[in-house]
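Report on the structure given below.
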Amino acid sequence: MLIPTLLALFTTAFARPMAELTNVYVCEHVNWGGACINVLYAIGSGDCVSLDGTASSIRPDRGFSCTFYKNGSCRTFDGSASLKLQDPGSTDLTKEAGGWNDAARGFQCFRV
């Protein structure tokens, strides 16, 4: 019984196409300063990737558009706005309308 189960899992795992991944470069200070990280996103997953709300500059990879939200559920509630960024992103979120400095808490990306 174990062999057919393992075979089914193996076949299913390799039958699915690999997810296309993109990076979002996130820094805690403006002009790519302070601590910076690359956050991976699986295109087409529909996942909402959480951020810690300390970003002051953000850059999605070229060829992708990312929508940022002020919550970790990637939804706009009570009129809260979203911010769409493409490469080269924003070196200074204090200059983005809507108060985005240290406010991004979740994002989703799509191929453009």
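No lab work stands behind these numbers, since they all come straight from the coordinates. Predicted model only: the values in this text are computed from it and were never measured. Cβ coordinates were reconstructed from backbone atoms using ideal geometry, including for glycine residues, and neighbour counts include every protein chain displayed.
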Legend entry - Global form of the stretch 64-112, assessed from the alpha-carbon gyration tensor, a/c cut-off 1.5: oblate
Inset, instruction - Work out how much length residue 62 to residue 35 would gain on full extension: take 0.36 nm times their residue separation and subtract the Cα-Cα distance, in nm to one decimal. - result: 7.6 nm
Legend entry - Label-to-label distance, nm, for residues given as residue 112 and residue 50 (7 Å Cα→Cβ offset): 2.9
Legend entry - Extension gain (nm, one decimal) between residue 43 and residue 18, 0.36 nm per residue minus Cα-Cα: 8.0 nm
Legend entry - ³J(HN,Hα), Karplus 6.51/-1.76/1.60, whole Hz, each residue of the stretch 98-112, x for Gly, Pro: x, x, 8, 5, 6, 10, 6, 10, x, 8, 9, 10, 9, 6, 9
Legend entry - Largest-first principal axis extents of the Cα set of the stretch 19-111 (Å): 32, 31, 19
